[in-house]
1. Would you work out the charge dipole size for region 8-212 about its Cα centre, treating the Cβ of every Lys and Arg as +1 and the Cβ of every Asp and Glu as -1, and quote it to the nearest 20 debye?
2. Which value in deg cm²/dmol, rounded to the nearest 500, describes the helix-derived mean residue ellipticity at 222 nm for the chain, given -39,500 (n - 2.57) per DSSP H run of n ≥ 4 and division by the residue count?
3. Within 10 Å, Cβ to Cβ, of Y237, how many net charges do the neighbouring residues add up to if Lys/Arg are +1 and Asp/Glu are -1?
4. Quick one: Debye curve from the alpha-carbon atoms of region 8-212 only, equal weights, vacuum; give me log10 I(q)/I(0) at q = 0.08, 0.13, 0.17 Å⁻¹ to two decimals.
5. Can you list the lysines whose alpha carbon is less than 27 Å from that of K282, not counting same-chain residues fewer than 8 positions off?
6. Using a simple charge model, +1 on the beta-carbon of Lys and Arg, -1 on the beta-carbon of Asp and Glu, nothing else, what dipole does region 119-208 show about its Cα centre, in debye to the nearest 20?
7. Starting from the amide H of Y254, placed 1.01 Å from N in the peptide plane, find each other amide H under 5 Å away whose residue is 5 or more places distant or on another chain.
8. Could you tell me which residue out of L244, V263, Q45 lies farthest along the dipole of the chain toward its positive end? Charges go on the beta carbon: Lys and Arg +1, Asp and Glu -1, centred on the Cα centre.
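The values are calculated or read from the model by the stated rules, or taken from the named source; none is laboratory data. Bear in mind that the values here come from a model prediction, so they are computed numbers and not experimental data. Virtual Cβ from ideal backbone geometry, glycine too; neighbours counted across all protein chains shown. Keep in mind that these areas ignore ligands, DNA and RNA; they rest on the heavy atoms of the full protein, side chains included. Shrake-Rupley method; radii C 1.70, N 1.55, O 1.52, S 1.80 Å.
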Amino acid sequence: MISKVISEDKISAAKELIYEAQKIAIITHTSPDGDAMGSALGMFQFLKQLDKDATVVFPDDCPRGFEWMPGMDEVLIHRSQVEAAEAALEGADLIICQDFNSTKRVASAQPALERSKAKKLLLDHHLEPTSNFDVIIEYPEMAATCEVVFRLICRMGHAEDITKEVAECLYTGLMTDTGNFTYSSNDIELYYIVAELMKRGIDKEEIYRKVNNNAKESQIRLRGHLLKDNMKLYPEYHAAITTLDAKEKAEYSYEKGDTEGFVNEPMKIQGIQVSVFISQDKDKIKLSFRSIGDVPVNTVATKYFGGGGHKNAAGGEAYYIGLEQVRKKVEEILPEIWNGRGESEK
Ligand code: 5GP
Ligand code: MN
């Protein structure tokens, strides 16, 4: 029913690394999202089943709505628990890197990750890894890193170790990385996997509510403000650009994660196929790109904003320039995005 997508040699290499290691650290990209957290905690719960001494390290804080995930109270946050997090990375026999493909994506934890003598296993669904790992399991056609983790555990012969806790974590990442099964989710096998997770007793409706319906009033009002006052449409390029500056963040008591998923909102407008959300942080400006169909946004995210991602969901950053300059730059590249239709395969 579920086909063998991951090659046999990769499964046996990963299995060997996991079996041989006793101390295992799991690390994800900075600003962990539902898939990063779900896949890391799912792996963590699975490794506990194998009696491994496992630790999850997130480079920085987690957004709201995921506090309930099993194992969340045991994670180490590198930014605020530097010593403990670095000790976990440096003392590990194996580090499993999940949901990113370049060590620079772990931000402040990058030196410790690179210094560590541990073997490194990459589990991801992005394109072409740009750093060195001992074993790489990376399938961009998969919906989420949680799918990679699910398939790996099953192929290792440990389907019975997918407990309800593992299933809750993995389901969360599948749900969030597909926008609640609205994109990157046309593969029928995804639903076989969901069915397997549901067999473990998870309540998918409750998970949806816990993750999605927990907004603060100020967060919803900020969304309203962004849509009413800050979203600009460019019909000839089928695009929308929305900005959020630091002053507005203060006005709406912004907390990290408050605009999670906002970039998808303008895509609901008929004819809009590209959305760019530009948000001013303390030390940088963060860009989120979304598109549908054959309009690639990862290419421009890489070319102009040192970032990357998937064809239809990408991100990047800008330093040392103002929000307005970044907005103008994005405006300038809208024709390039629109005219790039059909140029990328994935
Ligand atoms: P988001 O817009 O949700 O922050 O990111 C969407 C996707 O873009 C992520 O899943 C990730 O693949 C990619 N991405 C976001 N920010 C960055 C970045 O700064 N660098 C790279 N390489 N990829 C990013
Ligand atoms: Mn992901």
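1. Rounded to the nearest 20 debye, it is 140 debye.
2. Computed mean residue ellipticity for the chain: -11500 deg cm²/dmol.
3. -3
4. For the requested q values the scattering log ratios are -0.22, -0.62, -1.12.
5. K104, K216, K228, K232, K247, K249, K256, K303, K328, K329
6. Roughly 200 debye for region 119-208.
7. none
8. L244
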